[in-house]
Amino acid sequence: AKRAIEIAEESMKDLTELDLDMLEFASYFHDIGWSYFKSDAENVSYTIELCGEYAKSHPSDVKVFMDEGVWDYILDIIRSTQFPHNDTWDTLCKIIQDADLTECWGGSSFESYEKLVKEEEFALKSKHRSYASSRYKPSLLFPSIDALNTKYAKEKQREYYEAYKNSFAKEIEDWATYKVYKSFKDGLSSEKNLRALEALKLVRELFPVEE
């Protein structure tokens, strides 16, 4: 929800307080009830069902949305987060889609990558094989710039990726350097020492660290 509001405030200066309230509510609720054991379509459908139950049990929390006649619109915003994201002209749907994809801003691209890999592995082993093919493929570059909607999200993702790419390269180089050191320290064969050195050289070529 914080990412969604950040993107909204930086991207769209003409959003009303009601717009932001709707976006925040949809962002908090869009993943409730989410499960590996369901396809994205099933997850979103269940989320909509849970939102309806919440509205009935907590009418005061959604009164302003009901009074303004925007409750169904909020549910449509939530539906827009279903993978793969459909193109949309709606501003709030564009924002929540970007917030949905940029989880890495609060962690790392590698953590997002691991999560995506686990989801796809599960899908391929389950009855939901179509779920795997419908998702964005696991990638350390996830999300790609062209998968995002708003100018702000694209720019921030580009900045994030450049910073992350360098720290990731440094981490790999440090590990490869350690393996060289350990190979020599443990008195391994010259062949294994050479392999470790060649691996370090390859790492530096593939993942150059910018000073």
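Carbon and sulfur atoms: what percent of the 1.4 Å accessible area of region 51-90 do they account for?
Here it works out to 50 percent.
Can you figure out the FRET efficiency of Leu18 with His58, using R₀ = 22 Å and their beta-carbon distance, to the nearest 0.05?
Taking R0 as 22 Å, the efficiency between Leu18 and His58 is 0.75.
Would you calculate the separation in nanometres between label points at Phe37 and Asp146, each defined as 7 Å from the Cα along the Cα-to-beta-carbon direction?
Here the modelled spin labels are 3.9 nm apart.
Each residue of region 181-197 in order: what ³J(HN,Hα) in whole Hz does its phi give by Karplus 6.51 cos²θ - 1.76 cosθ + 1.60, θ = phi - 60°, with x for Gly and Pro?
Once rounded to whole Hz, the list reads 4, 5, 4, 5, 4, 7, x, 6, 4, 4, 5, 5, 4, 5, 4, 5, 5.
7 Å from Cα along Cα→Cβ at both Lys192 and Asp76: what's the point-to-point distance in nm?
6.4
Which value, in Å² and to the nearest 10, is the accessible area of Trp71 when all protein chains are kept and the probe is 1.4 Å?
30
Could you pull out the pairs from Lys38/Lys94; Lys13/Lys63; Lys13/Lys151; Lys13/Lys154 whose alpha carbons sit more than 19 Å apart here?
Lys38/Lys94; Lys13/Lys63
Full extension from Leu202 to Arg158: what is 0.36 nm times the residue separation minus their Cα-Cα distance, to one decimal in nm?
13.3 nm
Apply 1/(1 + (r/R0)^6) to the Cβ-Cβ distance of Asn86 and Leu50, taking R0 = 22 Å, and write down the FRET efficiency to the nearest 0.05.
It comes out at approximately 0.50.
Could you compute how much accessible surface Leu18 exposes when probed at 1.4 Å, giving the result in Å² to the nearest 10?
Probe radius 1.4 Å; accessible area of Leu18 about 40 Å².
For every other residue with a beta carbon closer than 14 angstrom to the beta carbon of Val180, add +1 if it is Lys or Arg and -1 if Asp or Glu, then tell me the sum.
Surrounding charge for Val180 is +2.
The values are calculated or read from the model by the stated rules, or taken from the named source; none is laboratory data. Given the structure is predicted, the values throughout are model-derived calculations rather than measurements. Neighbour counts run over all protein chains shown; Cβ positions are idealised from the backbone, glycine included. Areas reflect the complete protein model, heavy atoms only, side chains present, ligands, DNA and RNA absent. Shrake-Rupley method; radii C 1.70, N 1.55, O 1.52, S 1.80 Å.
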